[in-house]
Amino acid sequence: QICNQHNAEASNLEKVFHRMAQTEASLDHDVSWFLLPSYWAKMVVALVSFLCFANSYDGDFVFDDSEAIINNKDLRAETPLGDLWHHDFWGSKLSSNTSHKSYRPLTVLTFRINYLFAGGFYPIGFHVINIILHCTISVLMVDVFSILLGGLQFSNKGRRLNLAPKTSLLAALLFAVHPVHTECVAGIVGRADLLCALFFLLSFLGYCKAFRENKEGHNFSIFWVLVSVILGAVAMLCKEQGITILGLNAVFDALVINKLNILDLIQKLLHKDKSLENIGLLRKGLLFRITLLMSGGASILYIRWRIMGTGPPAFTEVDNPASFADSLFVRAINYNYYYSLNAWLLLCPWWLCFDWSMGCIPLIKSVSDWRIIALAALWFCLIGLICQALCSEDSHKRRILTLGLGFLIIPFLPASNLFFRVGFVIAERVIYLPSIGYCILFTYGFSLLSKQAKKKKILAVAVLGILLINVTRCALRSSQWRSEEQLFRSALSVCPLNAKVHYNVGKNLADKGNQSAAIKYYREAVRLNPKYVHAMNNLGNILKERNELHEAEELLSLAVQIQPDFAAAWMNLGIVQNSLRRFEEAEQSYWTAIKHRKKYPDCYYNLGRLYADLNRHIDALNAWRNATVLKPEHSLAWNNMIILLDNTGNLAQAEAVGREALGLIPNDHSLMFSLANVLGKSQKYKESEALFLKAIKANPNAASYHGNLAVLYHRWGNLDLAKKHYEVSLKLDPMAPGTKENYNLLRRKLEQLQKKGG
């Protein structure tokens, strides 16, 4: 009898992996929604997800794209591929103390492929790939939601069945059109989240394949479990959140495959109930698979830690002010408030912002702050859902709620500040994966309402309205991400207290030449955050260019006082002091900048200009030479060396430097012009003429180019050509110094020649 009972249990166990209870298919029963074949459902989801973000395809590189793509040397062909595995997402060495430790080599690799195929930094290709990735992920969500909402069942031929076609379509559509995803899709840097999500889902689907009966009749496939672990590792190499899929696979295994009742299991463990032996056979398979998942996850995390080289990244208080609060109470309250805001973005994604730091969300410092209500609301909802997930007598309800909460919470854990400090307050991109859990809970709630509602079609129309509103919001938000001006200005109404928003609006205006408007926004950024050294530095730069030197000096002095290692501010302070003719202080500021940033070619260039003003010619030449060693394409430094050597009569050395510079920067017309002047003085007229003509071809509207070529022809005796280029030069710049006098001399000479000829 014991033997027969054991065989019956083993037989039932085999069926567990291939059959779900028929009652669980009832989720679709009362839902008034579209019922489409799987192929058409996926086509609809792909089309809708494409329509949401299609208008971002021709957007610019915006916000973080500059640092992660344009300024990232890891994208260039000359950088060895091996360097990608030792650098962070932004191209810095992982071993550096300034590295953010964001290790995403596979994402950077896709950027590099984009760059190579496009032949440069053309954003269209980058945007198109992001849109395609989101469409692909949304299509995969149809299969994922069919498993999470309907369970896992295979046909006799081993084909997975969709037991919830209507609700899985609705959940996939909700995911596809969620406006909070705009940052990931329309912002190119969001590629990390998209690739992570792609392999995250593939890992989950691979894990599900492990329970399809194979030819040998085994209950699960170790191969697919290992494939799932590998895909989880790939997801983590795209973005850190990817590792969380291994935990979710374990939760899915326990709830769906083994149908464990978590509350019942906890109670039996606490009471040491002998009935635990009845599920021993189930737990053997489960424990083995969880051991594989945990071992794989631990190995991946260990390797990741070793590669990182040092401890966690160092962030500043403005990045995440709550994490720097002295009081544990203040930290806990604010972390929970951030969680409630993330939840609100999922529920009502109308107020979206590219950056939520720098005073955007003031700290809660007292329980009398009315925002405490948001925390209470969040935990009231979460506790209610958790109680239902654990205590409900309906196994189907327990499973869906637990999976929904699992997919909502577990992928969010790396961004929660619980395990380590993160470098942001809120980041919409990190909600991309947790939104899967939100879509499960929303869809399940809709199915429960449909079951109770008498007019199901009205409820369906309401949900359809939500989808259409989200599509519209996605299209609007995508258009804002097309340019930095629109993106930054859109944040002014959402986060008016965010100093970084005002700073970025000001920087965008300054780049376009609107200095007066830029000053206004920079001043507001400094007012909102009196320690915002980057805003002080940029404002000081503009004031310097407007010759408001004393205020510029005050701002830059304050910036270096607040942040003594701010090299750029030290250099700009030196430029201002040089303009105020306080040369010793300027020299000291330049050397302080170089002390804090060893490889600083622009600072060496400005130091050379200071030495030139002081007639310290050798020091000037050495400083400019340092600039060109650090940055061989530093045209201004090369030019100044040529001009200084020319002016001091060192024509041979000036010619050598000019030829060296043109060898490195062959298409620089200013270098051609400078070298042509030197060659003309050395009476190498033919070569000088060729360089002048080449420079004029590259920059035909430079009056000085025509004027100096005219001087060359004048010396050379080609008087007609000299007359022609003098006239062109005067037409371009009637006030050109010396040109009019030379032209008058030439005209008198031509008149004398005509008289002699007559």
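Observations on the model:
- Here Tyr532 meets the list (1) surrounded by 23 or more Cβ atoms within 10 Å (Cβ to Cβ); (2) at pLDDT 95 or above almost entirely, failing just condition (2).
- Sole exception among (1) within 14 Å of Leu201 (Cβ to Cβ); (2) buried (at least 20 other Cβ atoms within 10 Å of the Cβ) for Val234, by number: (2)
- Of all the listed residues (Ile440, Ile333, Ile373), the sole one being farther than 26 Å from Leu301 by Cβ and surrounded by fewer than 21 Cβ atoms within 10 Å (Cβ to Cβ) is Ile373.
- For the range 671-686, the set of residues classified as open to solvent by 30 Å² or more (accessible area, probe 1.4 Å) and closer than 27 Å to Val629 by Cα consists of Phe673, Asn677, listed by residue number.
- The sole residue among Thr182, Thr244 that is under 25 Å from His87 (Cβ atoms), of a type in the set (Ser, Thr, Tyr) and part of a helix (DSSP H, G or I) is Thr244.
- Verdict on Asn667 being modelled with pLDDT under 95, farther than 25 Å from Ala698 by Cα and among the polar types (S, T, N, Q): no
- Restricted to the range 51-96, and to residues there that are without any contact (Cβ under 8 Å) to a residue 40 or more places away in the chain and of a type in the set (Asp, Glu), the residue that is most open to solvent (accessible area, probe 1.4 Å) is Glu78.
- Hey, Ala475 surrounded by 18 or more Cβ atoms within 10 Å (Cβ to Cβ), more than 26 Å from Ala415 (Cβ to Cβ) and without any contact (Cβ under 8 Å) to a residue 60 or more places away in the chain or not: no
- From the list Phe380, Phe419, Phe446, the lone residue that is crowded, with 17+ Cβ neighbours inside 10 Å and of a type in the set (A, V, I, L, M, F, W, C) is Phe446.
- From the list Lys694, Lys723, the one residue that fits, being part of a helix (DSSP H, G or I) and farther than 27 Å from Leu662 by Cβ, is Lys723.
- Candidates are the residues of the range 291-326 that are charged (D, E, K, R) and open to solvent by less than 60 Å² (accessible area, probe 1.4 Å); the one that is modelled with the highest pLDDT is Arg304.
- Of all residues in the range 108-116, none are modelled with pLDDT under 85 and among the charged types (D, E, K, R).
- Qualifying residue in the range 372-383 (condition: farther than 27 Å from Leu468 by Cα and touching a residue at least 40 places away in the same chain (Cβ under 8 Å)): yes
- The residues of the range 308-366 that are in contact (Cβ under 8 Å) with a residue 24 or more places away in the chain, small (Gly, Ala, Ser) and assigned to a helix (DSSP H, G or I), listed by number, are Ala322, Ser323, Ser340, Ala343.
- Tabulated pairs, the range 249-278, first under 24 Å from Ala235 (Cα atoms) and modelled with pLDDT of 80 or more, second of a type in the set (A, V, I, L, M) and not in a helix (DSSP H, G or I), C-beta under 7 angstrom, 6+ apart or interchain: Ala254/Leu260; Val256/Leu152
- Selection from the range 247-262 of residues that are open to solvent by less than 30 Å² (accessible area, probe 1.4 Å) and assigned to a helix (DSSP H, G or I): Leu248, Asn249, Ala250, Phe252, Asp253, Ala254, Leu255, Val256, Ile257
- Filtered residues of the range 479-497 (kept if touching a Leu at 6+ places or on another chain (Cβ under 9 Å), within 17 Å of Ala517 (Cβ to Cβ) and surrounded by 21 or more Cβ atoms within 10 Å (Cβ to Cβ)): Ala491
- Leu163 being of a type in the set (A, V, I, L, M), out of contact with any strand residue (DSSP E or B) (no Cβ under 6 Å at 6 or more places or on another chain), over 29 Å from Asp355 (Cβ atoms) and modelled with pLDDT under 95: yes
- The sole residue among Ala736, Ala676 that is aliphatic (A, V, I, L, M) and modelled with pLDDT under 90 is Ala736.
- Residue in the range 441-462 that is charged (D, E, K, R) and in contact with a Gly (Cβ under 9 Å, 6 or more places away or on another chain) present: no
- Near pairs, Cβ below 8 angstrom, 6+ apart or cross-chain, from the range 405-419 (on the phi < 0 side of the Ramachandran plot and in contact (Cβ under 8 Å) with a residue 40 or more places away in the chain) to any residue that is open to solvent by 30 Å² or more (accessible area, probe 1.4 Å) and charged (D, E, K, R): Pro414/Glu240
- Residue in the range 13-33 that is farther than 30 Å from Phe488 by Cβ, touching a Leu at 6+ places or on another chain (Cβ under 7 Å), outside any helix (DSSP H, G or I) and modelled with pLDDT of 75 or more present: yes
- Identity of the residue in the range 630-667, among the polar types (S, T, N, Q) and under 43 Å from the mean Cα position of the chain (by Cα), that ends up surrounded by the fewest Cβ atoms within 10 Å (Cβ to Cβ): Asn667
- The test for being in contact (Cβ under 8 Å) with a residue 12 or more places away in the chain, within 29 Å of Trp90 (Cα to Cα) and among the aliphatic types (A, V, I, L, M) holds for Ala197.
- Failed condition for Arg715, given (1) over 57 Å from the mean Cα position of the chain (by Cα); (2) exposed (fewer than 12 other Cβ atoms within 10 Å of the Cβ); (3) among the basic types (Lys, Arg): (2)
- Unique match (being over 30 Å from Ser66 (Cα atoms) and out of contact with any Lys or Arg (no Cβ under 7 Å at 6 or more places or on another chain)) among Leu248, Leu201: Leu248
Okay, residues lined up against (1) buried (at least 24 other Cβ atoms within 10 Å of the Cβ); (2) of a type in the set (D, E, K, R); (3) in contact with a His (Cβ under 7 Å, 6 or more places away or on another chain); (4) modelled with pLDDT of 90 or more:
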site	(1), (2), (3), (4)
Val177	yes, no, no, yes
Cys196	yes, no, no, yes
Leu205	no, no, no, yes
Cys208	no, no, no, yes
Gly217	no, no, no, no
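- Residues in the range 387-424 that are assigned to a helix (DSSP H, G or I) and over 34 Å from the mean Cα position of the chain (by Cα): Cys387, Gln388, Ala389, Leu390, Cys391, Ser395, His396, Lys397, Arg398, Arg399.
The values are calculated or read from the model by the stated rules, or taken from the named source; none is laboratory data. Note that this is a predicted model, so its numbers are computed, not measured. Note: ideal-geometry Cβ built from the backbone for every residue, glycine included; neighbour counts use all protein chains shown. What goes into the accessible areas is simple: the full protein's heavy atoms, side chains included, and nothing from ligands, DNA or RNA. Shrake-Rupley method; radii C 1.70, N 1.55, O 1.52, S 1.80 Å.
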